[in-house]
1. Exactly one condition in (1) crowded, with 24+ Cβ neighbours inside 10 Å; (2) part of a loop (DSSP other than H, G, I, E, B); (3) within 13 Å of the chain's Cα centre (by Cα) is not met by HIS345; state its number.
2. Take segment 45-73 and flag every residue that is out of contact with any strand residue (DSSP E or B) (no Cβ under 9 Å at 6 or more places or on another chain) and either among the hydrophobic types (A, V, I, L, M, F, W, C) or within 16 Å of ligand 2 (Cβ to nearest atom) (or both).
3. Being at pLDDT 95 or above, buried (at least 22 other Cβ atoms within 10 Å of the Cβ) and assigned to a loop (DSSP other than H, G, I, E, B) is the requirement here; does MET310 meet it?
4. Just give me the residues in segment 101-114 being within 16 Å of ligand 2 (Cβ to nearest atom) and either outside the structural domain of HIS171 (by TED's automatic domain parsing) or out of contact with any helix residue (DSSP H, G or I) (no Cβ under 7 Å at 6 or more places or on another chain) (or both), in sequence order.
5. Inside segment 284-307, can you point out the residues that are more than 21 Å from LEU350 (Cα to Cα), part of a helix (DSSP H, G or I) and out of contact with any helix residue (DSSP H, G or I) (no Cβ under 7 Å at 6 or more places or on another chain)?
6. Of these, PHE212, PHE206, which one is more than 21 Å from the chain's Cα centre (by Cα), buried (at least 22 other Cβ atoms within 10 Å of the Cβ) and either hydrophobic (A, V, I, L, M, F, W, C) or at pLDDT below 95 (or both)?
7. Would you mind telling me which numbered condition in (1) in a loop (DSSP other than H, G, I, E, B); (2) within 11 Å of ligand 1 (Cβ to nearest atom); (3) at pLDDT 95 or above ALA261 fails?
8. Would you point out which residue out of ALA111, ALA25, ALA4, ALA107 is surrounded by 23 or more Cβ atoms within 10 Å (Cβ to Cβ) and over 30 Å from THR239 (Cβ atoms)?
Amino acid sequence: MFDAVWLNCHAATMADAALGVVEDAAVAVTGGRIAWVGPRAALPAGATRTHDCAGAWLLPGLIDCHTHLVFGGDRAAEFEQRLGGAGYAEIARAGGGILSTVRATRAADEAELRQAALPRLDGLLAEGVTTIEIKSGYGLDLENEFKQLRVARALGEARRVTVRTTLLAAHATPDEYAGRRAEYARHVARDIVPQAVGLADAVDAFADAIAFTNEETGWVFDAARAAGLPVKLHADQLTDQGGPALAAAHGAMSGDHLERANEAGIAAMAAAGTVAVLLPGAALTLRETAHPDVDAMRRHGTRMALSTDMNPGSSPARSLLLMLNLGCSLFRLTVPEALLGVTRHAAAALGLADRGVLAPGMRADLALFAINRPADLCYWMGANPCVGRVVAGA
Ligand code: DI6
Ligand code: FE
């Protein structure tokens, strides 16, 4: 006897490279986990509750695996400056960019940060997102980084969603360490990372010409691993500095951005099982002409995830469904690659083995869409066909 069964639906289980499509499917749930999935005609009898999906497509709940969703203020003025010709790195070097959001985030209390973040989160949930990663990185000192992480955790209590938190204290060098970047990186490694245990699920860093060197990133990663925290890396977004090889060498769960990653790095990531997280919202906003080498990722079997990178500067992207379209149109992903990128491979980028695929034993996180075929989720821009969301079977 199942707790509940979903009928009159089609399923894209994500179980294989063709999306594991089952037409006229049934999904049965018991104890918050998927108990059975397959063709309706083969469904074993007996369920306490029955849900009629009215012909909707059922997918694993979507996973946004890279966001900076908790922050103070916004950077609309910087957006206008960039339209006037100013560059992202140029604005950052002049003390704007990330550091201007740091000032606004430090000035905000937890209630204010939460109030500002909730509508952003709610927009994603309305699209069928059931798991989201949220990074710190706009505090840049222990107190304010942990404030961001606490707000992120509180969002997960306020809504029916799994929130995974990531410490990104190594995002930029704060004003009080101006000219002493290496010293700040050492401080992050020695004083902030070890104390983040229990509040952060992972540790991230921004290795780039405007951020941290590979050596400094290595200190932070060594500290993370000593503390038992898995790592992720903002790698080769603005410059090719060999970030993917660094991520792979540290067994990172993911290397993210990768606009300028070279093939050797991509191969190293595949060998290490490090997921490539592609962020077309940032590429579009920064009007990048360099795009991630998706062909090399295919050749080497690097798993690809897709995410919003939702942040106030380089990717003010509040829709994961729009990223499906951009992933295809801008980065030339196929429809199955894009959809696996917001389900199965996004779960892998977060180290979550219990979701992202509809299969017996997995968490019953589901998203229902009123569409004619899975490709519709990638094809339309700015539509939201999500008609239902199930979290742990409820
Ligand atoms: N890369 C990004 O896309 C974000 N951080 C990073 O390292 C941008 C953050 C921002 O501009 O505020
Ligand atoms: Fe980012």
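The values are calculated or read from the model by the stated rules, or taken from the named source; none is laboratory data. Model, not experiment: these values are computed from the prediction. As a convention, Cβ positions derive from the backbone with ideal geometry for all residues, glycine included, and neighbour counts pool all protein chains shown.
1. Unmet condition: (2).
2. ALA45, PHE71
3. Values: at pLDDT 95 or above: yes; buried (at least 22 other Cβ atoms within 10 Å of the Cβ): yes; assigned to a loop (DSSP other than H, G, I, E, B): yes.
So MET310 passes the test.
4. Keep residues of segment 101-114 that are within 16 Å of ligand 2 (Cβ to nearest atom), which gives 101-102, 105.
If the condition is that a residue be within 16 Å of ligand 2 (Cβ to nearest atom) and either outside the structural domain of HIS171 (by TED's automatic domain parsing) or out of contact with any helix residue (DSSP H, G or I) (no Cβ under 7 Å at 6 or more places or on another chain) (or both), then THR101, VAL102 are the ones that fit.
5. Those that are more than 21 Å from LEU350 (Cα to Cα), part of a helix (DSSP H, G or I) and out of contact with any helix residue (DSSP H, G or I) (no Cβ under 7 Å at 6 or more places or on another chain): THR285, ASP295, ARG299.
6. Values: PHE206 fails: more than 21 Å from the chain's Cα centre (by Cα).
After applying the criteria, what remains is PHE212.
7. (2)
8. So the residue among ALA111, ALA25, ALA4, ALA107 that is surrounded by 23 or more Cβ atoms within 10 Å (Cβ to Cβ) and over 30 Å from THR239 (Cβ atoms) is ALA25.
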